[in-house]
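Note sheet for the following structure.
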Amino acid sequence: KVAIKGIERELICPACKELFTHPLILPCQHNVCHKCVKEILFAFEDSFADGGSESSNQSSPRIRISASSMDRIDRINRSGRKRNSLTPRSTLFPCPSCQRDIDLGERGINGLFRNFTLETIVERYRQAARAAIAIMCDFCKPPPQESTKSCMDCSASYCNECFKIHHPWGTVKAQHEYVGPTTNFRPKILMCPEHEMERVNMYCEICRRPVCHLCKLGGGHANHRVTTMSTAYKTLKEKLSKDIEYLISKESQVKAHITQLDLLLKETEVRVACSERAKQEASQSFEKLYHVLEEKKSAALRAIETSKNIRLEKLQTQVEEYQGLLENNGLVGYAQEVLKETDPSCFVQTAKQLHVRIQKATESLKSFRPAAETTFEDFVVDTAKQEHILGDLSFHSNGLEIPEINEEQCRMYNKALISWECPEKTDSADIYVLEYHKLNKEEDSVTWHKTEVCGKSKVLSDLDDDSSYAFRVRGYKGSVCSPWSREVIMRTPPAPVFSFLFDDKCGYNNEHLQLNPRRTSVESRAGFPLLLGSERLQVGCYTTLDYIIGDTGIAKGKHFWAFSVEAYSYLVKVGVVPSNKIQKLFHNTHDMTSPRYEQDSGHDSGSEDAFFDSSQPCTLVTLGMKKFFIPATPAAPKDPASRILPLPSCLGICLDCDKGRVGFYDAGRMKCLYECEVDCSGLMYPAFALMGGAAVHLEEAVTAKYREYHDDI
């Protein structure tokens, strides 16, 4: 057994650095005292009110907000989150353990569970630390006697006499549960913080927390995977026991690592000269930069001063020349004196050169222009590029791998999931920095948004719709960083994501179609019932399409949803249908027999094709056999081969009710494959049709915990 005194490090709150008091479990699975959570949130509120001033840090004598936390407060402030908003807002909490901004949801602290197991362990530790101090009876008259038992129902401690008085035989209190003397009273039943009158009886595998049946029926866990509490208890206990046994079996290896680390500590302390030399080399590198900057600064200032003197000299000379054009002054005065000469030969000798000067002065007077500019716009120093380079200045190491963004694992849907990995599949970096910016041709300078990530993926929720973004990532190990990864450009959906499930009631044919329990996947079963239904069909006929629609309609606005079609699918149609044509969709007689090949038709008529297209109750495009078929319209290419495209791995539909248009997209590249007009006079529903062997899967929404807190129970 592990000695209780040897686990003190695990019982210390990361905020107050003291033993836990009523610890709460955060969504990131770290524990913080209830009082510390409140104080940190109050400090955050003060920082919002004071704009993150330093004075707000002193609001609590128990905790201190670090500089990194203050930077996150400023970032949240800049992101536009406002207090007293009419819309429900989430509570962001900076976890002091993992240094991440944790979303506590709309309920804030009230939505967190108390960690009663940790409380019990802390209480056992306290009792072991104060073994000589007895717990006194709460009901004895002074002086109180030492207690012998504690009642978990009354939350009080008793000596033998007082326990008999307050728990007489034959009463309800006699049935109370009692234990040895303790100060830690925990409830018998764990209640749901969302629904205070309901006990928790299930475990959410997505959020990794206990939930009640109301949470699963209509709460925030309605579409999440849940399991029974007994199953979760058994599974987690088996995993924890197995992991503990493994660690205990590796005790000799752990001791060897500790010995090696102790040697490294001593070696590092001895090698003071190496660290001093590294400091000296770093200082010399920065001194070189300072010297280069000083030289550039001196050269720039000298150039500006020289240009100023030259301009002053030119303007002063021009002023003197124009002053000479005044009467009895300068050139004009001299010319007036020359005119007084009466000797023709002497006058001509002097007047010729003087006349040329007078003509030049006359021309300059007609087209006056200053000899020099008064502005110094040519001497503006653009340091944006150099500032960006200096901002990236850090210790580079050849041993730290350059991470690569994995585009196949990245997703751009309701939120953006950016995932990366190292080429050698190693995790050599302690932390990663992800930067991204919106591509905008109108902006001259690029502003990168930066976020620190502990893992190898990040979910971003502040991106604009219908926009392209560039992403890059680098790893840090201490003060050493890797070079930036290759920039990857991805595009967001053209409109906000519309969430829905397949409707298992309206027109759903359970003989031909099969839904999964979550109603996110539908499969067409081309089995024996379909063969029996096809027995009466003759040449020129084809089997029916089995339709299914979404369970939620769209009344206005612009919306986007995505899905994937299995590669083996023979025929799938996707699109939208108005509410007033749903009944016609499920009772459409044109699905039974092709009008182009009616037995009494006798010919192949293009007008019949037009009648068939215009009579359809909904707007659909055809997919199948790994192909995407662009509908035959007047604007479409006449060559049938040019209307057949490879089927993307993920398809999207964008419905703009305000403009009356629907577009079909390659959701992987967010590229529009086909767009047409649609009548949006009624409530619009997503529509799907399957025939033969086929399957459609709705795209799963990206959540804040997607891959970030992933733990396979």
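Closer than 25 Å to residue 189 by Cβ and open to solvent by 90 Å² or more (accessible area, probe 1.4 Å) - does that describe any residue in the range 241-256? Looking through the range 241-256, none of the residues is closer than 25 Å to residue 189 by Cβ and open to solvent by 90 Å² or more (accessible area, probe 1.4 Å).
Number of residues in the range 122-135 that are in contact with a helix residue (DSSP H, G or I) (Cβ under 7 Å, 6 or more places away or on another chain), modelled with pLDDT of 75 or more and among the hydrophobic types (A, V, I, L, M, F, W, C): the value is 1.
Return the residues of the range 419-461 that are closer than 23 Å to residue 561 by Cβ and free of Cβ contacts under 8 Å to residues at least 60 places away in the same chain; say none if nothing qualifies. Of everything in the range 419-461, just one residue is closer than 23 Å to residue 561 by Cβ and free of Cβ contacts under 8 Å to residues at least 60 places away in the same chain, namely 460.
Out of 147, 157, 90, one residue alone is modelled with pLDDT of 85 or more and not β-branched (Val, Ile, Thr). It is 157.
Here is the figure for the range 235-279: residues that are of a type outside the set (Ser, Thr, Tyr), assigned to a helix (DSSP H, G or I) and closer than 30 Å to residue 208 by Cβ total 15. Test residue 518 against the stated conditions and say whether it is basic (Lys, Arg), open to solvent by 30 Å² or more (accessible area, probe 1.4 Å) and either in the same structural domain as residue 670 (by the TED database) or over 15 Å from the mean Cα position of the chain (by Cα) (or both). For residue 518, the condition - basic (Lys, Arg), open to solvent by 30 Å² or more (accessible area, probe 1.4 Å) and either in the same structural domain as residue 670 (by the TED database) or over 15 Å from the mean Cα position of the chain (by Cα) (or both) - is met. Within the range 100-122, count every residue that is in contact (Cβ under 8 Å) with a residue 12 or more places away in the chain and over 19 Å from the mean Cα position of the chain (by Cα). Within the range 100-122, residues that are in contact (Cβ under 8 Å) with a residue 12 or more places away in the chain and over 19 Å from the mean Cα position of the chain (by Cα) number 15.
Restricting attention to the range 419-444 and to residues that are open to solvent by 60 Å² or more (accessible area, probe 1.4 Å) and modelled with pLDDT of 75 or more, the residue that is farthest from residue 467 (Cα to Cα) turns out to be 430. Just one of the listed residues (278, 299) is of a type in the set (A, V, I, L, M), free of Cβ contacts under 8 Å to residues at least 12 places away in the same chain and closer than 30 Å to residue 381 by Cβ, and it is 299. Of all the criteria given as (1) exposed (fewer than 15 other Cβ atoms within 10 Å of the Cβ); (2) touching a residue at least 24 places away in the same chain (Cβ under 8 Å), the one not satisfied by residue 157 is (1). For residue 464, the criteria (1) under 18 Å from the mean Cα position of the chain (by Cα); (2) outside any strand (DSSP E or B); (3) surrounded by 15 or more Cβ atoms within 10 Å (Cβ to Cβ) hold in every case but one, which is (3).
Of all the residues that make up the range 179-204, how many are in contact with a His (Cβ under 8 Å, 6 or more places away or on another chain) and open to solvent by 50 Å² or more (accessible area, probe 1.4 Å)?
Of the residues in the range 179-204, 2 are in contact with a His (Cβ under 8 Å, 6 or more places away or on another chain) and open to solvent by 50 Å² or more (accessible area, probe 1.4 Å).
The values are calculated or read from the model by the stated rules, or taken from the named source; none is laboratory data. Not measured: the values here are computed from a predicted model. Please note: Cβ atoms are built from the backbone with ideal geometry, for glycine as well, and neighbour counts cover all protein chains shown. The area values use the complete protein model at the heavy-atom level, side chains included, leaving out ligands, DNA and RNA. Shrake-Rupley method; radii C 1.70, N 1.55, O 1.52, S 1.80 Å.
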